[in-house]
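Asks: Structure provided below as structure tokens; questions to follow.
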Amino acid sequence: MIPVKANPKAPDDWRAQLRSAWRDPRALLEHLELDAKRFSLVDAGPFPIRVPRAFSNRMRRGDADDPLLRQVLPLAAENQPSQGFVSDPVGDAASRASGGVLHKYHGRALLIATGACAIHCRYCFRREFDYADSQITSSSLAAAADYIRASGDISEVILSGGDPWMLSNERLARISDALADIPALERLRIHTRMPITLPDRVDSGLLDWLKRLPWQTVVVVHANHAQEFDDEVDAALARLRQAGATIFNQAVLLAGVNDRLEDLHELMKTGFRAGAIPYYLHLLDRVSGSAHFEVGSRQAGALMDQLRRKLPGYLVPRLVREQAGAPYKLPIF
Ligand SMILES: *Cc1c(COP(=O)(O)O)cnc(C)c1O
Ligand code: SF4
């Protein structure tokens, strides 16, 4: 058991940590004792580097191939056009039901709570998504709740983004209040990377909000490598579990990050030790600028076969690919 400690930091300390996140790749590399000249860095334009120090603290100094560094460093490879890599690979533009709502799958509706994130992951589809006219605003929240209520069979709302926990606890309460009188609703799910990238976000106000929700709560975090867990992350996940949340982890299969058996094996074990049950292992969405992260589906299948030989069934993630128009995330193997 991981002892549950109260978070010693002041509420809202996470906001100060956001402000001090790395925003200059050269400064981050210097901090890691790496020579920037070894990398072909690129000006990342509208999706610049952003890395909280709580996350960079888990990077190894002097390691140019560090799996955490690789996820965040903008490289020239991003500017190479690649066949089949497009701006909306999963067809999200086509499934916008009402401002800020994506209703692709039966029984579940996804709310784009915000476009902002604490970290900018280079492989993310979000880098191309037009958030300005698709995230929930105060005025579209009522319409989103009406849409969900009128559908009658949506039993789960997923807060996603971006990262919904970039919103203040007050904004989160406004969203949950708007959903409170929908009879069919049974679960609230939160898709967030912040317990991993900025664990102090899991503050007492957030936990109070979670505990007061009238539904079962599911938190799906996102870590791609065992090295992303440390004592602070483990403690944040323990606080979430104590507040009643069931925690899963989803990961993306990424070349140079977690495409070896040992990496995946350690990720599943380490995540579970911290209380996060393996959920999906996603094949990369083929978004422009991410081709250098792609792992082919044959190699992915071979990795899954090897993982199954090593792990209990409940620690084996589901390898899936998202296909525009499909009724669920397609299992690959
Ligand atoms: C991934 C996703 C979901 C959730 O799917 P699950 O298989 O239940 O995890 C819901 N809505 C959208 C739009 C999604 O992309
Ligand atoms: S949405 Fe998730 S994967 Fe994408 S940049 Fe934000 S934290 Fe990273």
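The values are calculated or read from the model by the stated rules, or taken from the named source; none is laboratory data. This is a predicted model, so every value here is computed, not measured. Cβ coordinates were reconstructed from backbone atoms using ideal geometry, including for glycine residues, and neighbour counts include every protein chain displayed.
Asks: Would you mind telling me which numbered condition in (1) at pLDDT 95 or above; (2) surrounded by 17 or more Cβ atoms within 10 Å (Cβ to Cβ); (3) away from ligand 2 (no atom under 16 Å from the Cβ) Glu170 fails?
Replies: Looking at each condition in turn, Glu170 falls short on (2).
Asks: Restricting the first residue to segment 277-300 and requiring it to be over 27 Å from Leu41 (Cβ atoms), which pairs with a second residue that is among the aromatic types (Phe, Trp, Tyr) meet a Cβ separation below 6 Å and a spacing of at least six or different chains?
Replies: Here the result reads Ile277/Phe248; Tyr279/Phe248, each pair linking segment 277-300 to a residue that is among the aromatic types (Phe, Trp, Tyr).
Asks: Of everything in segment 301-314, what is assigned to a helix (DSSP H, G or I) and in contact with a His (Cβ under 9 Å, 6 or more places away or on another chain)? Give them in sequence order. Steps first, please.
Replies: Initially, segment 301-314 is screened for residues assigned to a helix (DSSP H, G or I), giving 301-310, 313-314.
Gln306, Leu307, Lys310, listed by residue number.
Asks: How about segment 162-256: which helices (runs of 4 or more DSSP H) wholly inside it have at least 1 residues that are basic (Lys, Arg) and over 20 Å from Leu319 (Cα atoms)?
Replies: Details: elements: 169-179, 194-197, 204-212, 231-242.
In segment 162-256, the matching helices (runs of 4 or more DSSP H) lie at 169-179, 204-212, 231-242.
This table checks each residue for (1) within 16 Å of ligand 1 (Cβ to nearest atom); (2) touching a residue at least 40 places away in the same chain (Cβ under 8 Å); (3) out of contact with any Lys or Arg (no Cβ under 7 Å at 6 or more places or on another chain).
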{"position": "Arg108", "(1), (2), (3)": "yes, yes, yes"}
{"position": "Ile112", "(1), (2), (3)": "yes, yes, yes"}
{"position": "Gly115", "(1), (2), (3)": "yes, yes, yes"}
{"position": "Cys124", "(1), (2), (3)": "yes, yes, yes"}
{"position": "Glu128", "(1), (2), (3)": "yes, yes, yes"}
{"position": "Ala143", "(1), (2), (3)": "no, yes, yes"}
{"position": "Ser151", "(1), (2), (3)": "yes, yes, yes"}
{"position": "Met166", "(1), (2), (3)": "no, yes, yes"}
{"position": "Ala173", "(1), (2), (3)": "no, no, yes"}
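Asks: Considering only segment 302-333, state which residues are without any contact (Cβ under 8 Å) to a residue 40 or more places away in the chain and more than 16 Å from ligand 1 (Cβ to nearest atom).
Replies: Those that are without any contact (Cβ under 8 Å) to a residue 40 or more places away in the chain and more than 16 Å from ligand 1 (Cβ to nearest atom): Ala302, Met304, Asp305, Arg308, Arg309, Pro312, Gly313, Tyr314, Phe333.
Asks: Identify the single condition in (1) of a type outside the set (S, T, N, Q); (2) within 25 Å of Leu73 (Cα to Cα); (3) within 18 Å of the chain's Cα centre (by Cα) that Leu261 does not satisfy, given that it satisfies every other one.
Replies: (3)
Asks: Moving to a separate point now. Which condition number does Leu213 fail, the rest of (1) over 21 Å from the mean Cα position of the chain (by Cα); (2) within 18 Å of Asn249 (Cβ to Cβ) being met?
Replies: With (1) over 21 Å from the mean Cα position of the chain (by Cα); (2) within 18 Å of Asn249 (Cβ to Cβ) applied to Leu213, the lone miss is (2).
Asks: Right, Ile182: away from ligand 1 (no atom under 16 Å from the Cβ), more than 14 Å from Trp209 (Cα to Cα), over 23 Å from the mean Cα position of the chain (by Cα) and among the β-branched types (Val, Ile, Thr) or not? So that I can check it myself, show each step before the final result.
Replies: Details: away from ligand 1 (no atom under 16 Å from the Cβ): yes; more than 14 Å from Trp209 (Cα to Cα): yes; over 23 Å from the mean Cα position of the chain (by Cα): yes; among the β-branched types (Val, Ile, Thr): yes.
Yes, satisfied.
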